[in-house]
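Novice: Shown below is the structure under consideration.
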Amino acid sequence: MSSEVTKLPAGFGRLWTAQTVSSLGDGVMHAALPLLALTLTRDPMALAVVTAAGTLPWLLFGILGGALVDRWDRRRTMWVADAARAVLLAIPAAAAALDVLSVPLLAVVAFLLGLGGLFFDTAATAYLPDLLGRAPALLERANSRLRGTQTAASGFAGPPAGSALLALGRAVPLLADAVSFAVSALLVRSLPAAPRPVPRARESLLRQARAGASYVFRDRLLLGLALRPAVGNVAFVAVETVLALFAHARLGVDALGFGLLLTAEAAGGLLGAGIASFLSRRLGTGAALTATAAVEGLAVLGLAAAPNPYVAGLALAVCGAGVGATMVLAPSLRQSIVPAHLMGRVTSTSRMLSMCAAPFGAFLAGWLATAYDVRTPLYTAAGLLLAMTAVTSTMTTNRRVEAALRAAAEYVEGSEGSEGSEGSEGSEGSEGSEGSEGSEGSEGQRPGGPARVAAPTGGR
């Protein structure tokens, strides 16, 4: 492949830097927030409320948020969301400094941070293919870098820093995360503007939201890509909800040890992000996604049975590797096959399914830990992950992936040859009557049929 094709644009460096800074703050909070909550309560259900609050915005506003992102300037949406979250974090920081911090306040802040994350994450996912020209190789390369540095910053550096900053005062990690959001907002604001999606003929927001959702549910590949994190989030949020309590009560680790456990998970995530492209070339994207799903389930099973912190750290590292590879392969594939004018809605629909499942995982973990034992949610999570692997393996096969990228490439070539016909996408309707849902159907159809990726050497 030529250097012109594989060279990342200059603007990507600023986006990369912004995410690295923000991810460092996220890592600080990832370790500090559950420990901060533990200073207020040891009730598993109260901890579950705080965890679930951050995911509720996706349940309430997920699809509508994607429709708004498809109307708004995506760069502006990102930096405004980051700036708002920086200001928001001043509230719990002040409460902690005044010794009036409470679990309800943490839950409210978590909800509002989640709302900001909804708009930022959806806009960022939609902005990246615009910045890179929707080239699959560039998207995979860029997502590998983004995921790798995110893992290094939020996993390696962030958790130990969060534990250390919490020792200096309960407000300190909150202020550190606020600074990271502010710096990220400034960097994102300096990015090149992407073309705003061409608006459809005066459709209502609800109709546009429905078009994005139906686009996902009608396509087995996109539905498989959405179902995997949906079921996975029930499992992973269940693990996250009780992990601090499990580490303290069963493994006997202190705050620093808990941070090191999260660092071990991040080390695996960094490895997984680095080898994602290799797995895709050797196994094919579909088979690689199935393999990483199986690895995640088996790793959580090992965590549940861990007799000491060393085995737990190894299990978390293996699980992190599976997640790291998945978080490169799945978004790159989705960004390659979804048309630009639907990217925000498809992204938010997929994320909504994932995030809506998370509160269930949090409350399930709280109930199981209260009714049985703190290990029970971990065993349950492992079972869910392995069951999900069996179901989605037939939906994200190599054949489906290969067909999807071919269809997407043909759609892009056709669009470039007929810019004036963007409002009437009749060529999208090759799937027959599947998309005929009135005016909504013409926008919500897969371009040219089920989407796919050319088979690389090594046997897809």
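The values are calculated or read from the model by the stated rules, or taken from the named source; none is laboratory data. Values in this document were obtained by computation on a predicted structure and should not be read as measured data. For neighbour counting, all protein chains shown are included, and Cβ atoms are generated from backbone atoms with ideal geometry for every residue, glycine included. SASA here: full protein model, heavy atoms, side chains in, ligands and nucleic acids out. Shrake-Rupley method; radii C 1.70, N 1.55, O 1.52, S 1.80 Å.
Novice: From the gyration tensor of the Cα coordinates in the range 298-360, what semi-axes in whole Å does the equivalent ellipsoid have, largest first, with each one equal to sqrt(5λ)? Mind dumping the intermediate values first?
Specialist: Numbers: eigenvalues 211, 42, 8 Å².
For the range 298-360, the semi-axes come out at 32, 14, 6 Å.
Novice: Just the accessible area per residue of the range 1-152, please: how many Å² with a 1.4 Å probe?
Specialist: On the way: 5960 Å² over 152 residues.
Heavy-atom accessible area per residue stands at 39 Å².
Novice: Among [x] 0.95; [y] 1.29; [z] 1.14, only one was calculated for this model; which label is it, if the read-out is Cα Rg over 2.2 N^0.38 Å?
Specialist: Checked against the structure: label [x].
Novice: Quick one: Karplus J couplings for the range 271-278, per residue in order, coefficients 6.51, -1.76, 1.60, θ = phi - 60°, nearest Hz, x for Gly and Pro?
Specialist: Karplus-based 3J(HN,Hα) across the range 271-278 equals 5, x, 4, x, 9, 4, 5, 4 Hz.
Novice: Heavy atoms only, probe 1.4 Å: what % of the accessible area of the range 260-386 goes to carbon and sulfur, would you let me know?
Specialist: Working: 3080 of 4090 Å².
Whole-percent figure for carbon plus sulfur exposure: 75.
Novice: So, one more: Taking θ = phi - 60°, what integer Hz values does the Karplus form 6.51 cos²θ - 1.76 cosθ + 1.60 yield along the range 119-126, in sequence order, with x for Gly and Pro?
Specialist: The phi angles translate into 5, 5, 5, 5, 5, 5, 5, 6 Hz.
Novice: Report the Rg/Rh value for the range 15-69, based on alpha-carbon coordinates and the Kirkwood definition of Rh. Present the calculation step by step, with values, prior to reporting the outcome.
Specialist: On the way: Rg = 14.9 Å, Rh = 13.4 Å.
Answer for the range 15-69: 1.11.
Novice: Using per-residue counts of other Cβ atoms within 10 Å, averaged over each peptide, order 359-366, 24-31, 142-149 from highest down. Please list the in-between numbers first.
Specialist: Numbers: 359-366: 24.0, 24-31: 26.4, 142-149: 22.4.
My ranking of the peptides, most packed first, is 24-31, 359-366, 142-149.
Novice: Would you mind putting 7-18, 243-254 in packing order, based on average other-beta-carbon counts within 10 Å, highest first? Walk me through the numbers before you get to the answer.
Specialist: On the way: 7-18: 16.2, 243-254: 18.8.
Ranked by mean Cβ neighbours within 10 Å, highest first: 243-254, 7-18.
Novice: Enumerate the whole-percent occupancy of each 10 Å bin, from 0 to the last occupied one, for all C-alpha pair distances of the range 53-161.
Specialist: Using 10 Å bins, I get a P(r) of 13, 32, 38, 14, 3, 0 for the range 53-161.
Novice: Keeping every protein chain present and rolling a 1.4 Å probe, give me the accessible area per residue for the range 282-353 in Å². Before the final figure, lay out each step's value.
Specialist: On the way: 1930 Å² over 72 residues.
Accessible surface, normalised per residue, equals 27 Å².
Novice: May I pose another question? So if each residue of separation counts as 0.36 nm, and I subtract the Cα-Cα distance between ALA46 and ALA135, what length gain in nm does that give? Can you show the working numbers first?
Specialist: Values: separation 89, 0.36 × 89 = 32.04 nm, distance 4.52 nm.
In short, 27.5 nm is gained.
Novice: Could you give the length gained on full extension between ASP99 and ALA387, defined as 0.36 nm per residue of separation minus the Cα-Cα distance, in nm? Please report the intermediate quantities before stating the final value.
Specialist: On the way: separation 288, 0.36 × 288 = 103.68 nm, distance 4.49 nm.
Here the answer is 99.2 nm.
Novice: How large is the accessible surface of ARG134 in square angstrom, using a 1.4 angstrom probe and rounding to the nearest 10?
Specialist: Approximately 50 Å² for this residue.
Novice: Please compute the per residue accessible area over the range 201-279 with all protein chains in place, 1.4 Å probe, rounded to a whole number of Å².
Specialist: Values: 3090 Å² over 79 residues.
On a per-residue basis, the range 201-279 sits at 39 Å².
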